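The values are calculated or read from the model by the stated rules, or taken from the named source; none is laboratory data. In this text the structure is predicted, and so the values were computed from the model without any measurement. Ideal geometry is used to build each Cβ from the backbone, glycine not excepted, and the neighbour counts take in all protein chains shown.
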Amino acid sequence: MSSSTIETSAAFTAAVVTVSDSSSRGERADISGPAVAGVLEKSGFKIVAREVVPDEQESIQNILAHLSDKARLVVTTGGTGIAPCDVTPEATRAVCDRLVEGVVERIRAESGKKSPMAALSRAVCGVRGKSLILNLPGSPAGATESLQAVIDLLPHALELLDGNTRHSQKLGST
C-alpha cells in the first residue's frame, strides 16, 4: 500500500467533523477541518461530509452517529485535550462498539517526538458498525501530523471491518 494513495478498487468515504464552540458560532474560521480533508483527499479518500459542531457531548455524539452511517471513516478535529470543554473522546466512546487503542497510541508516540504536550491528548479511535471514528487534535498542524502518522493503517482497518481478513505482507498480520 502506498503512503500517498489508497490501493483499493473503490475509494473509501470519509467525513470530517470540527469540534469548536467558536467555529460553530461563526466567530472563527475552521482551518483544521479543511486541512484534515485535504490530507484525506490526497490519500485517496472521498470526502462526503464536513461539519462543524460545538464542544457539547450530545451534539458530537449525534453527528458521529449520523456520519458513521454515511462514511466509512469519520475524523474529528478538536476537543481532545484536558480542558473542561474537551468532550470529544467521551462522545466518541459513547457511540463506538469497540475501541482501537493502537491507532491513537501510534499518534501519541509520533507526536511526542515533536512536542511533549502530545501526552495530554485523550483522543480515541473506535469502531461503529463498519465505520472507523478517529479523534485528532484541534490545531491544523497537530491534526494533519497526527493523521499522517496513521494514514497508511486506515485502509487496512476499513478492509478488516469489511470482513477482508487476509493478511498483508507489507503491514503484517492483525
> Among the residues of the range 16-49, how many are small (Gly, Ala, Ser), over 22 Å from Thr92 (Cβ atoms) and either at pLDDT below 95 or part of a loop (DSSP other than H, G, I, E, B) (or both)?
Replying inline: 3
>> Return the residues of the range 34-51 that are buried (at least 19 other Cβ atoms within 10 Å of the Cβ) and closer than 21 Å to Val87 by Cβ; say none if nothing qualifies.
In response: Val36, Glu51
> Going by the structure shown, is Asn135 under 12 Å from the mean Cα position of the chain (by Cα), at pLDDT 95 or above and within 26 Å of Asp21 (Cα to Cα)?
Replying inline: yes
>> For the condition on the phi < 0 side of the Ramachandran plot and without any contact (Cβ under 8 Å) to a residue 40 or more places away in the chain, what is the one hit in Ser43, Ser24?
In response: Ser24
> Which residue, of Glu105, Glu110, is over 20 Å from Arg72 (Cβ atoms) and under 14 Å from the mean Cα position of the chain (by Cα)?
Replying inline: Glu105
>> Lys170 - would you say it is part of a loop (DSSP other than H, G, I, E, B), under 27 Å from Ser22 (Cβ atoms), modelled with pLDDT under 95 and of a type in the set (D, E, K, R)?
In response: no
>> If a residue counts only when it is in contact with a Lys or Arg (Cβ under 9 Å, 6 or more places away or on another chain), crowded, with 22+ Cβ neighbours inside 10 Å and at negative phi, which strands (runs of 3 or more DSSP E) contained entirely in the range 55-164 have at least 3 such residues?
In response: 131-136
>> Can you list residue pairs whose Cβ atoms sit under 6 Å apart, with the first residue in the range 70-94 being more than 13 Å from Thr18 (Cα to Cα) and modelled with pLDDT of 95 or more and the second being in a helix (DSSP H, G or I) and not aliphatic (A, V, I, L, M)? Count only pairs 6 or more apart in sequence or on different chains.
In response: Glu90/Gln57; Ala91/Gln57; Ala91/Gln61; Ala94/Gln61
